[in-house]
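Q: Before I ask anything, here is the structure I am working with.
The values are calculated or read from the model by the stated rules, or taken from the named source; none is laboratory data. Model, not experiment: these values are computed from the prediction. Every residue, glycine as well, gets a Cβ built from its backbone with ideal geometry; the counts of neighbours run over all protein chains shown. Quick note on the areas: whole protein, heavy atoms, side chains included, nothing else; ligands and nucleic acids left out. Shrake-Rupley method; radii C 1.70, N 1.55, O 1.52, S 1.80 Å.
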2 protein chains.
Amino acid sequence: MTSQQLFENIKAKRSFLCVGLDTDTRKLPEHLKGTPNAVFEFNKAIIDATAPYCVAYKPNLAFYEAAGIDGWRAFEETVSYIRANHPDIFIIADAKRGDIGNTSQMYARTFFETTDVDSVTLSPYMGLDTVAPFLQYEGRWATILALTSNASASDFETHELADGTKLYEKVLKVSSTWGTVDNTMYVVGATKADMLESIRRIIPDHFLLVPGVGAQGGSLSDVARYGMNSRCGLLVNSSRAIIYADNGKDFATAAAKAAEAVRDEMSLLLDKYL
Amino acid sequence: MTSQQLFENIKAKRSFLCVGLDTDTRKLPEHLKGTPNAVFEFNKAIIDATAPYCVAYKPNLAFYEAAGIDGWRAFEETVSYIRANHPDIFIIADAKRGDIGNTSQMYARTFFETTDVDSVTLSPYMGLDTVAPFLQYEGRWATILALTSNASASDFETHELADGTKLYEKVLKVSSTWGTVDNTMYVVGATKADMLESIRRIIPDHFLLVPGVGAQGGSLSDVARYGMNSRCGLLVNSSRAIIYADNGKDFATAAAKAAEAVRDEMSLLLDKYL
């Protein structure tokens with residue numbers, strides 16, 4: 001998918017919502033717990049209910065790997081299901097991979113050949129060698145960690161370098177030369193909305209994947225105000241507030257309502273800032 | 001396992017070798033290619049052949065994930081096999097994970113509960129939040145990326161900070177306060193052997209996991225000279241040079257010979273520097 005196609009989907013759906021599929025077996029509705037393939041069945045219902053209101057899904061690999069082989073199967077089935085039934089939707093494997101050389105190539109193969117996602121989240125610590133193999137795939141993306149919303153982002157990410165920039169700013173400056181706006185986007189934590197202005201000075205045209213709205217305390221209107229560019233340039237993720245909106249038999253309907261409410265807010269923000 | 005137990009194993013085996021199980025389905029011996037469970041069968045033979053000469057195994061997750069469900073099964077079976085048949089051996093899941101909060105907890109669960117490894121490689125980019133959940137498990141370890149051996153390590157890792165230290169030095173200084181020498185070790189690339197002296201000034205007592213000897217060009221004697229401490233403090237990894245020592249039916253015998261030769265060199269170095 002190109003950035004223009006992603007923008008067309010955003011305009012068509014009036015939404016820049018990414019639904020995080022952080023599906024925790026311990027948090028499934030009671031009637032699904034212990035049933036065969038419960039994670040996939042849960043995801044399938046969530047996906048069909050929320051697809052009208054979002055443009056991306058972000059399965060978080062940690063939640064699948066924790067169940068071992070069964071978890072990996074549920075991840076693969078989830079990706080296949082989205083591809084087959086909602087082919088316009090962008091899929092981000094939230095895997096935070098970060099290795100080099102032939103290992104990095106194997107990770108790219110995992111996510112772009114063995115499974116079929118559009119993008120993978122990557123840690124920039126080891127530099128270009130981590131990201132380059134992912135940029136070799138036409139139409140696929142690297143989603144690079146820049147500034148995250150957690151407390152210990154201050155341990156290293158916001159540390160000042162000798163040239164006066166902060167580490168996450170250096171990551172943006174350096175890594176934005178590796179690819180294009182059609183194959184690179186950045187993770188920028190929503191609790192740092194005030195930093196979005198300075199980030200937009202460094203990468204005005206790239207898409208940003210913004211986690212941390214909702215449960216982690218970021219404000220959607222601040223994100224739109226400081227982060228939106230002329231082609232939206234935002235994917236805002238919400239996980240728990242949508243997929244666990246209700247824990248009963250009507251969990252999918254509740255998820256749809258929660259996603260619809262976010263879409264409605266996003267629609268107004270698109271009117272306001274685009 | 002404690003650091004003292006690891007040191008006792010090193011002394012008993014006269015070896016600080018870690019064998020990297022980067023098992024690539026495309027590089028298997030011809031007679032194994034396409035057989036059921038070929039990756040696990042290959043690993044099993046390699047493990048039984050090399051276990052007398054090494055103190056650790058390091059399966060690289062990328063190579064398993066690239067085969068999807070079958071790959072994940074081969075990884076789990078490999079770990080179980082080592083545990084059951086060579087219980088003194090330290091197992092490092094080379095996964096380069098790096099996430100936060102409940103996601104990081106899920107990764108810790110994956111590797112310390114769903115599978116049963118001793119340590120996981122972690123990227124420090126997001127700070128303490130990435131590492132903390134792994135330190136909650138008694139006897140388990142976090143193996144944190146510090147200075148890697150790849151060309152683009154210079155993109156960020158060796159960048160100078162405002163206080164005059166380099167990023168990897170800051171990572172060592174800050175993260176060595178999070179845990180102890182019994183639950184934290186560091187990845188330090190062997191091609192940077194001259195930097196080991198300065199690294200040892202920051203973390204004199206921690207174990208280092210040193211990849212990059214052999215195929216990636218580092219010198220084992222330099223690593224021992226500059227990196228060894230009073231309890232050895234080194235695990236030196238070799239992957240391809242051992243597991244692909246021969247591509248025929250006698251691949252396991254060839255791997256044993258390659259591992260034995262490294263052990264012999266390590267034995268001399270232990271005599272010299274310990």
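Q: Let me spell it out: the conditions are (1) open to solvent by 40 Å² or more (accessible area, probe 1.4 Å); (2) at pLDDT 95 or above, and A:PHE134 meets all of them except one. Which number is the exception?
A: Failing condition for A:PHE134: (1).
Q: If the requirement is being within 11 Å of chain B (Cβ to nearest Cβ) and out of contact with any Lys or Arg (no Cβ under 8 Å at 6 or more places or on another chain), which of these qualifies: A:ALA84, A:ALA74? Steps first, answer last, please.
A: Values: A:ALA84 fails: within 11 Å of chain B (Cβ to nearest Cβ).
The match here is A:ALA74.
Q: Quick one: count up the residues across segment A:243-273 that are touching a Phe, Trp or Tyr at 6+ places or on another chain (Cβ under 6 Å) and closer than 24 Å to A:ASN229 by Cβ.
A: So the count comes out to 3.
Q: If I filter segment A:25-35 for residues that are closer than 22 Å to A:LYS257 by Cα, at pLDDT 95 or above and buried (at least 24 other Cβ atoms within 10 Å of the Cβ), do I get at least one hit?
A: For segment A:25-35, residues closer than 22 Å to A:LYS257 by Cα, at pLDDT 95 or above and buried (at least 24 other Cβ atoms within 10 Å of the Cβ): absent.
Q: Counting only residues that are part of a loop (DSSP other than H, G, I, E, B) and within 8 Å of another protein chain (Cβ to nearest Cβ), how many does segment A:129-162 have?
A: The qualifying residues number 7.
Q: Shifting gears a bit: Need the failing condition index for B:VAL223 against (1) buried (at least 21 other Cβ atoms within 10 Å of the Cβ); (2) within 22 Å of A:LYS96 (Cβ to Cβ); (3) free of Cβ contacts under 8 Å to residues at least 40 places away in the same chain, just the number.
A: (2)
Q: Out of curiosity, is B:THR23 among the polar types (S, T, N, Q), assigned to a helix (DSSP H, G or I) and either within 13 Å of chain A (Cβ to nearest Cβ) or touching a residue at least 24 places away in the same chain (Cβ under 8 Å) (or both)?
A: no
Q: If A:ASP250 meets every condition in (1) away from chain B (no Cβ under 14 Å); (2) of a type in the set (Asp, Glu); (3) touching a residue at least 24 places away in the same chain (Cβ under 8 Å) apart from one, which number is that one?
A: It fails just one condition, (3).
Q: Residue check: is A:VAL79 touching a residue at least 24 places away in the same chain (Cβ under 8 Å), within 11 Å of chain B (Cβ to nearest Cβ) and touching a strand residue (DSSP E or B) at 6+ places or on another chain (Cβ under 7 Å)?
A: yes
Q: Restricting to segment B:87-99, name every residue that is within 14 Å of the chain's Cα centre (by Cα) and away from chain A (no Cβ under 14 Å).
A: B:ILE89, B:PHE90, B:ILE91
Q: I want to confirm something. Restricting to segment B:39-62 and keeping residues that are open to solvent by less than 10 Å² (accessible area, probe 1.4 Å) and in a helix (DSSP H, G or I), which single residue is farthest from the other protein chains (Cβ to nearest Cβ)?
A: Out of the qualifying residues, it is B:ALA51.
Q: Looking at (1) under 20 Å from B:THR148 (Cβ atoms); (2) at the interface with chain B (Cβ under 8 Å from one of its Cβ atoms), find the lone condition where A:THR121 falls short.
A: (2) is the only condition that A:THR121 fails.
Q: I want to confirm something. Restricting to segment A:7-24 and keeping residues that are under 14 Å from the mean Cα position of the chain (by Cα) and more than 16 Å from A:ARG263 (Cβ to Cβ), which single residue is most open to solvent (accessible area, probe 1.4 Å)?
A: Checked segment A:7-24; the qualifying residue most open to solvent (accessible area, probe 1.4 Å) is A:ASP22.
Q: Out of all the residues in segment B:164-182, which are over 20 Å from the mean Cα position of the chain (by Cα) and at the interface with another protein chain (Cβ under 8 Å from one of its Cβ atoms)?
A: B:GLY164, B:LEU167, B:LYS170, B:VAL174
Q: For B:TYR107, only one of the following conditions fails: (1) open to solvent by 10 Å² or more (accessible area, probe 1.4 Å); (2) outside any loop (DSSP other than H, G, I, E, B). What is its number?
A: The single condition B:TYR107 does not satisfy is (1).
Q: May I pose another question? Determine which single condition B:LEU122 fails, assuming it passes every other condition in (1) among the hydrophobic types (A, V, I, L, M, F, W, C); (2) modelled with pLDDT under 95; (3) touching a Gly at 6+ places or on another chain (Cβ under 6 Å).
A: The single condition B:LEU122 does not satisfy is (2).
Q: Here's a check for you: in segment A:150-185, which residue that is under 20 Å from B:SER104 (Cα atoms) and in contact with a helix residue (DSSP H, G or I) (Cβ under 9 Å, 6 or more places away or on another chain) is surrounded by the fewest Cβ atoms within 10 Å (Cβ to Cβ)?
A: A:ALA151
Q: Any residue in segment A:185-207 that is within 12 Å of chain B (Cβ to nearest Cβ), at pLDDT 95 or above and more than 24 Å from A:MET266 (Cβ to Cβ)?
A: No, because not a single residue in segment A:185-207 is within 12 Å of chain B (Cβ to nearest Cβ), at pLDDT 95 or above and more than 24 Å from A:MET266 (Cβ to Cβ).
Q: Of all residues in segment B:260-274, count the ones that are in contact (Cβ under 8 Å) with a residue 24 or more places away in the chain and under 15 Å from B:ASN237 (Cα atoms).
A: 5
Q: Moving on. From B:ARG240, B:ARG263, which residue is within 30 Å of B:ALA38 (Cβ to Cβ), open to solvent by 40 Å² or more (accessible area, probe 1.4 Å) and in contact with an Asp or Glu (Cβ under 8 Å, 6 or more places away or on another chain)?
A: Checking each option against the conditions leaves just B:ARG240.
Q: Return the residues of segment A:72-102 that are part of a helix (DSSP H, G or I) and open to solvent by 10 Å² or more (accessible area, probe 1.4 Å); say none if nothing qualifies.
A: A:ARG73, A:GLU76, A:GLU77, A:SER80, A:TYR81, A:ARG83, A:ALA84, A:ASN85, A:GLY101, A:ASN102
Q: Can you give me the ranges of the strands (runs of 3 or more DSSP E) entirely in segment B:170-274 with at least 1 residues that are of a type outside the set (Asp, Glu) and over 15 Å from B:VAL19 (Cα atoms)?
A: It comes to B:184-188, B:207-210.
Q: May I pose another question? For segment B:99-140, give me the residue count where each residue is in contact (Cβ under 8 Å) with a residue 60 or more places away in the chain and touching a strand residue (DSSP E or B) at 6+ places or on another chain (Cβ under 9 Å).
A: So the answer is 3.
Q: Is it true that A:THR23 is closer than 30 Å to B:GLY212 by Cβ and among the polar types (S, T, N, Q)?
A: no
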